[in-house]
Amino acid sequence: MKKAVHKKAPAKKVVRKSSSVYYKNCAAARKAGAAPLHRWSPGYRSGLDRDNDGVACE
C-alpha cells in the first residue's frame with residue numbers, strides 16, 4: 001500500500017498595495033469617521049501619529 005504524498009503549496013507573498021486614502025490632518029480623519037487610524041489602516045501615516053505608538057488621531 002502506497003502512502004499518500006501531500007505537497008505543500010508555496011508560501012504566498014503578502015503584497016501591500018499603497019493606499020489611495022489620504023487625510024490632511026486628524027480633523028479630516030475624524031470628519032470622515034476613520035479616526036483613530038491604526039498602523040495597518042488605510043490613511044495612516046506617521047505624520048499623524050504624534051507619540052509613534054501605531055495609533056494616529058487618538
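Brief remarks on what is shown
- Local electrostatic count at residue 55 - Lys and Arg +1, Asp and Glu -1, tallied over other residues with Cβ under 13 Å: -1
- Couplings for the range 32-37, taken from phi via the Karplus curve 6.51 cos²θ - 1.76 cosθ + 1.60 with θ = phi - 60°, read 7, x, 9, 7, x, 9 Hz in order; Gly and Pro are left as x.
- Neighbours of residue 26 by Cβ distance under 12 Å: Lys/Arg scored +1, Asp/Glu scored -1, total +3.
- Approximate spin-label separation residue 58-residue 45, in nm, with each point projected 7 Å along Cα-to-Cβ: 2.2 nm
Rule-based calculations on the coordinates, nothing more; no lab input. Remember, predicted model here, so these are calculated numbers, not experimental data. Quick reminder, even Gly has a Cβ in these numbers, built from the backbone with ideal geometry, and neighbours come from all protein chains shown.
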